[in-house]
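Asks: Sending over a structure as structure tokens; questions will come in a sec.
The values are calculated or read from the model by the stated rules, or taken from the named source; none is laboratory data. These numbers come from a predicted model, not from an experiment. Ideal geometry is used to build each Cβ from the backbone, glycine not excepted, and the neighbour counts take in all protein chains shown.
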Amino acid sequence: MSFHLMAFYGSVPTGAVYSKVPALQSVWETIQNNNLVVSAVNQIIGAYAYGPNMVRAQLQSPSLQSPGYPDIQPVAAAAPVAGGVPPWHNYIADPLALKTNEQLSAYAINGGTAAENELVALLLADKPPQPKTGRIITLRLTGAATLTAGAWTEVPMTFVDNLPVGNYTVVGARFQSAGALLGRVGYPGFGYRPGTVAVQSSAEPDVPGARMGGWGEWFTFNSTVQITAEFLSSSADTAETLFLDVIGPQ
């Protein structure tokens with residue numbers, strides 16, 4: 001299967017009505033009019049909304065119009081903290097199906113006193129994932145890129161320990177940096193970037209399902225390829241950590 005994490009992120013004014021959250025541009029998505037143009041990976045299996053004063057968040061597209069556009073509730077009013085599980089909305093049992101090439105929008109209501117950046121993240125798949133079992137181990141990788149705040153930044157990651165030669169299947173991940181909001185992972189030539197809500201310290205919990213095979217197989221890579229992570233951060237971090245749950249070598 002294939003799945004991909006994408007984001008809407010940008011400044012939203014205050015007010016009691018919905019304002020559009022801009023779709024975040026990268027080489028992996030097609031964006032038109034601040035909307036995502038839906039690809040063949042067109043089933044929403046997870047969603048997350050965050051903003052310091054966000055009151056509501058909503059998704060809109062022609063396919064989602066009846067009986068009413070889906071709200072994302074609850075929303076997160078703070079980045080994940082120790083002891084607080086991110087309010088991830090799990091649609092795996094019954095995904096929100098979109099049509100390829102239609103446009104998908106995200107909206108938010110900012111209940112604060114000034115404009116602020118709001119985040120809506122979506123995990124899309126071509127079919128519902130099936131949990132993966134086996135001998136799963138967690139490998140640590142590090143990066144030292146300076147992140148661009150408010151944008152996806154690609155970071156070459158280095159394994160702390162040298163890998164035995166072979167193929168490895170990724171079945172979960174954890175992304176960490178000082179201001180991280182989201183993280184996704186892949187390698188050159190792989191066309192999707194699966195990921196999840198990031199953490200800002202070692203004490204913060206993971207999204208349920210994002211680790212140890214809960215969302216099935218993310219992708220398989222060979223020990224000779226360069227693993228890259230992409231971080232969306234609220235600050236210009238200079239140190240990144242990636243934990244990969246893998247089965248292998250095979």
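Asks: Could you tell me which numbered condition Val155 fails, if it satisfies all but one of (1) more than 18 Å from Ile247 (Cα to Cα); (2) of a type in the set (A, V, I, L, M, F, W, C); (3) exposed (fewer than 15 other Cβ atoms within 10 Å of the Cβ)?
Replies: For Val155, the failing item is (3).
Asks: Would you confirm whether any residue within the range 53-72 is touching a Leu at 6+ places or on another chain (Cβ under 9 Å) and β-branched (Val, Ile, Thr)?
Replies: So far as the range 53-72 goes, yes, one or more of its residues are touching a Leu at 6+ places or on another chain (Cβ under 9 Å) and β-branched (Val, Ile, Thr).
Asks: Next up: Residue check: is Leu59 buried (at least 20 other Cβ atoms within 10 Å of the Cβ) and within 27 Å of Ser234 (Cβ to Cβ)? Steps first, please.
Replies: Numbers: buried (at least 20 other Cβ atoms within 10 Å of the Cβ): yes; within 27 Å of Ser234 (Cβ to Cβ): yes.
Yes: the conditions hold for Leu59.
Asks: Might you check whether a residue that is at pLDDT below 95, of a type outside the set (A, V, I, L, M), surrounded by 19 or more Cβ atoms within 10 Å (Cβ to Cβ) and not in a strand (DSSP E or B) occurs anywhere in the range 118-131?
Replies: Yes, there is a match, as at least one residue in the range 118-131 is at pLDDT below 95, of a type outside the set (A, V, I, L, M), surrounded by 19 or more Cβ atoms within 10 Å (Cβ to Cβ) and not in a strand (DSSP E or B).
Asks: Being surrounded by 14 or more Cβ atoms within 10 Å (Cβ to Cβ) and under 26 Å from Asn117 (Cα atoms) is true for just one of Ala178, Ala144. Which residue is that? Spell out the reasoning first.
Replies: Values: Ala144 fails: surrounded by 14 or more Cβ atoms within 10 Å (Cβ to Cβ).
The conditions single out Ala178.
Asks: Which members of the range 26-41 meet the condition of being more than 15 Å from the chain's Cα centre (by Cα) and not aliphatic (A, V, I, L, M)?
Replies: Scanning the range 26-41 gives Thr30, Gln32, Asn33, Asn34, Asn35, Ser39.
Asks: Return the residue satisfying two criteria in turn: it lies in the range 1-33 and is of a type in the set (Phe, Trp, Tyr) and in a loop (DSSP other than H, G, I, E, B), and of such residues it is modelled with the lowest pLDDT. Give the steps one after another, and end with the answer.
Replies: Our first condition is that a residue be of a type in the set (Phe, Trp, Tyr); within the range 1-33, this holds for 3, 8-9, 18, 28.
With the extra rule that they be in a loop (DSSP other than H, G, I, E, B), the set shrinks to 18, 28.
Values: Tyr18: 97, Trp28: 94.
The selected residue is Trp28.
Asks: Continuing with the same structure: Leu36 passes all but one of (1) outside any loop (DSSP other than H, G, I, E, B); (2) of a type outside the set (Ser, Thr, Tyr); (3) within 14 Å of Ala115 (Cβ to Cβ); which number fails?
Replies: Only one criterion is unmet by Leu36, namely (3).
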